[in-house]
Ligand SMILES: Cc1cc2nc3c(=O)[nH]c(=O)nc-3n(C[C@H](O)[C@H](O)[C@H](O)COP(=O)(O)OP(=O)(O)OC[C@H]3O[C@@H](n4cnc5c(N)ncnc54)[C@H](O)[C@@H]3O)c2cc1C
C-alpha cells in the first residue's frame, strides 16, 4: 500500500539509458519524471521535482492538465524577446508525433517551425512495435528492424496463432524517415523549452523558458502524454499501461526461436491467491536473433498502474518457473504511459498530435500506426484551411477548429468512447476472465480483431465485432460485459451521442 504524502524510488534506468534516470512513486500514484532535454527520458533527482507526468490514483481526481485559461498558458518563466516573423505552423516537440506532423505539413508546402529542447536527431528512448500489415499498407515495411511471422499468444495451455506478421521499428530508420522529409521540405528546427503561449486574433506566440518568442498562425502541441499547453478535461482516474522489460541473454531461450509473443497470460507461476486477487499481467516477448531476447512483463491498463517492482518480480518468477535465468542484461525498459485520457477540448486555439491529443489506442496502447495514417489527413486539412482566401487576421480560431475537426471527427470520437468503454471492463476482469475474453477476441475472423486493434474498422463494423464477441464469449465474460459500472454508462452515452 502507498503511504500518502511519501515518495519512493521505484527503480533506475540502466546505464546507457538517457540521463541515467530514476522513477519515483509519488503521493498521488505513479510519477514519471520526464526530461524534455533528453526526449522522453526520465529525470533523476534526490528529491523528486514537481511532476510533469502523473497518473492520478483512483481516489485522486485532479485534472491531468493545467487549469490556466486556454488563451494564455504558462509553463515557465523568462523575460520575452520580441517575437519572430510568423510561420504557418509551430510544432512543439521532437518525438514521433512531432516529427510525423512536421514532415506531413512541410510536404504540403506549409511553412513549419519545430521547437524542441534537444537535438531532434537524438535517438528516442522507447522501442516501437507494430503489426506488419499496418506498415505494409503505408509502404514502410523497410523501416522495420525485425519482423516475425510466428506470432502467438497464450490464453490457455495451447498457443493461439495470430497468422499476422508483427514488426519492431528500426527507430533510427523511422526517425530518419521523418527527419529527411522535414529537411527536404525546409522545416526550421529551433531549440528551446516551450514555456508560455498567448493567442490573439491572427495566431499565437510561444515563449521559451529562455525568453525567446516564436510566432505562428497555428501551434501544434506534440509534447507528449503530459502536454505543455494542451487542455484535456478531467474525466476521472487515468489508467497507465505499465511494463518492465529487458533485452538480454538467458540460460535457455525464454520463448521459441524466431517467435514473437504478443500476450502470454499463463499464470502457473503464481499462487492461487495471487491469480484471484492481484492485477493480471502478461509476457510480451520477442526473439531478436543471435541469442538475444526482449522479455517484458506488462499490465494492459490499471489506475493506479501496477508498480515496476511487482512487474519485475513477476517477470523473474515467470522465467524461473520455466527454468530460465537471465545471464546478461543489455538494456532495461521501464514503460508507463496513459491509456485512456479524455479527448482534448476541441474548442482550443491550439492543436495537439500524438500522446498529447489522446491518440494512443485505449484498448491496445498503440500509437505509431495512427501517427503514420493520420498525420497526412491532418496536414491536408490544415493546408486547406491556410489556403482559404481572405485576410489572415481573425483566422486563428478557424484554423484550430479545422484541425480538430480533421483530427477527431465524430466517427473517431465515437470509436474512442467505445474503446474506453471496453477498457473499463477489461480493467476489472480477473485473470481467468481476461484469458477467456482474449481467447474469444482472437478467435474472431482476422479482419475484425485486426481492424479493432489497428483502429481501421468503421463504427458499424466495430459495433458488429463487439456484438459478435459477446455472442461467442463464455458466460463469465458475458456476465462481466453486461455489468455497467463507474463511468461506463457515461462512455456509452458519449458513443451514442456522437463522441
Ligand atoms: C516505453 C514505451 C514503449 C512504447 N511502445 C510502443 C509501441 O511499441 N508501439 C506504439 O505504437 N506505441 C508505443 N508506446 C506509446 C507511444 O507510442 C509513445 O509514448 C510515444 O513516444 C508518444 O509519442 P509523442 O511524440 O506523442 O510523445 P513523446 O515521445 O513523449 O515526445 C514528446 C516530445 O516533446 C518534447 N517536449 C516536452 N515538453 C516540451 C516543451 N515544453 N517544449 C518543447 N518540447 C517539449 C520532448 O522533448 C519530446 O521530444 C510506448 C510508450 C512507452 C513509454
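The values are calculated or read from the model by the stated rules, or taken from the named source; none is laboratory data. Model, not experiment: these values are computed from the prediction. Cβ atoms come from the backbone with ideal geometry, glycine included; neighbour counts cover every protein chain shown.
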* Return yes or no: is residue 368 over 27 Å from residue 204 (Cα atoms), within 12 Å of the ligand (Cβ to nearest atom) and in contact (Cβ under 8 Å) with a residue 24 or more places away in the chain? => yes
* Which of the residues that make up region 187-197 are assigned to a strand (DSSP E or B) and surrounded by 18 or more Cβ atoms within 10 Å (Cβ to Cβ)? -> 189, 194, 195, 196, 197
* Set 292, 317, 275, 312: member being over 27 Å from residue 100 (Cβ atoms), within 16 Å of the ligand (Cβ to nearest atom) and surrounded by fewer than 23 Cβ atoms within 10 Å (Cβ to Cβ) -> 312
* In this structure, is residue 210 part of a loop (DSSP other than H, G, I, E, B) and modelled with pLDDT of 95 or more? -> yes
* Give the number of residues within region 128-143 that are surrounded by fewer than 22 Cβ atoms within 10 Å (Cβ to Cβ) and assigned to a strand (DSSP E or B). => 2
* **In region 156-198, residue farthest from residue 106 (Cα to Cα) [restricted to those that are more than 16 Å from the ligand (Cβ to nearest atom) and touching a helix residue (DSSP H, G or I) at 6+ places or on another chain (Cβ under 6 Å)]** => 160
* To do: Look at region 86-127 and say how many of its residues are more than 8 Å from the ligand (Cβ to nearest atom), in contact with a strand residue (DSSP E or B) (Cβ under 7 Å, 6 or more places away or on another chain) and assigned to a loop (DSSP other than H, G, I, E, B).
  => 3
* To do: Kindly check whether there is at least one residue in region 444-451 that is touching a residue at least 60 places away in the same chain (Cβ under 8 Å) and over 24 Å from residue 371 (Cα atoms).
  => no
